[in-house]
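Peer 1: Pasting in a structure now, in structure tokens, and then I'll have a few things to ask.
Please treat every number below as a calculation from the coordinates, not as lab data. It should be emphasised that the depicted structure is a prediction, and the values quoted were computed from it without experimental measurement. As a convention, Cβ positions derive from the backbone with ideal geometry for all residues, glycine included, and neighbour counts pool all protein chains shown.
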């Protein structure tokens, strides 16, 4: 197959592994920075240009679009879809997952377990919002944050109000969520590929942290997930329409609750913790499906 990856940094572990896996299987793969692509949008012949040349037609596109360039990156991905190129994850599904509020609303509509979450415009309802999630401590999140950035634990009502007011003054949208105390600084990540959980790990936060992200000094180990956790991970990916998803869950007293669904999950920590060939699993999926021309909008909402 002839593949293209949309990525700004091809030497990142996840990107490098996917490139290596593709070439080991005899596929051609180009790596292109989406920001360096421009598009000609016509009904008869949609084209993409890069480096002054028209890009060739590809069998499949692997989007590894950073959160900071979501809007433009998805426009480029949609143009590939218009050409009939099969996407590892579709633009609509990535857009759902990147909008944290929309993703939570879609998951909630389907009855998937979530931390109690509140959203309001402006600081005037700060006290109400804090009480709606069960009081303090509570977790305050930027809608655009990734890898644990923009996630703050407010331990008192006064600190929660101050944080909400500060973000509101900066005209920044936030979510306020219930703090799941019984998770005890750990979370579960399940990697879903084509309707199957192919690997799972437990992440534990580092000293002085409450976020279990590996980028924040957390540690990872393989974990056997429960059937409830497996079902939650699979349903979350399905509802958002993602072929590949990293589903982050907390173990609460009422069962698994989803805190995030990542459409471009890093695979370094998972591969090292579990020994699973995750890049190969993604290539297996593309080999099964890319030839079918199945570019369509999946999921709901």
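Peer 1: Which of the peptides 59-65, 230-236 is most tightly packed, and how do the rest follow, judged by the mean count of other Cβ atoms within 10 Å per residue?
Peer 2: Averaged packing, sorted descending, gives the order 59-65, 230-236.
Peer 1: What translational D, rounded to a whole number of µm²/s, comes out for the chain from Stokes-Einstein when the hydrodynamic radius is the Kirkwood one over Cα pairs, at 37 °C and 0.692 mPa s?
Peer 2: The Stokes-Einstein estimate is 163 µm²/s.
Peer 1: Right, another one. For helix 157-169, what angle does its Cα long axis make with the longest principal axis of the chain, in degrees from 0 to 90 and rounded to 10?
Peer 2: Relative to the chain, helix 157-169 is tipped by roughly 40 degrees.
Peer 1: Using only Cα atoms, what is the ratio of the radius of gyration of the range 182-289 to 2.2 N^0.38 Å?
Peer 2: 1.02
Peer 1: Still on this structure: Once the piece of chain linking residue 33 and residue 9 is laid out straight, how much longer is it, given 0.36 nm per residue of separation minus the C-alpha distance between them?
Peer 2: The span from residue 33 to residue 9 would gain 7.8 nm if fully extended.
Peer 1: Here's something else I'd like to know. Can you tell me the orientation of helix 278-289 relative to the chain, as the angle in degrees between its alpha-carbon axis and the longest Cα principal axis, to the nearest 10?
Peer 2: Relative to the chain, helix 278-289 is tipped by roughly 50 degrees.
Peer 1: How much length would be gained if the chain were fully extended between residue 42 and residue 221, taking 0.36 nm per residue of separation minus their Cα-Cα distance, in nm to one decimal?
Peer 2: 59.5 nm
Peer 1: Ok, one more. May I ask you to compute the full-extension gain from residue 109 to residue 153, defined as 0.36 nm times their residue separation minus their alpha-carbon distance, rounded to one decimal in nm?
Peer 2: Extra length from residue 109 to residue 153 when fully extended: 13.2 nm.
Peer 1: Please give the helix 13-24 orientation as an angle from the longest Cα principal axis of the chain, in degrees from 0 to 90, rounded to the nearest 10.
Peer 2: 30 degrees
Peer 1: Where does each of 172-178, 73-79 land if you order them by average Cβ count within 10 Å, highest first?
Peer 2: Those peptides, ordered most packed to least, come out 73-79, 172-178.
Peer 1: With n ≥ 4 as the cut-off for DSSP H runs, can you work out [θ] at 222 nm for the chain, using -39500 (n - 2.57) per run divided by the number of residues, rounded to the nearest 500?
Peer 2: -9500 deg cm²/dmol
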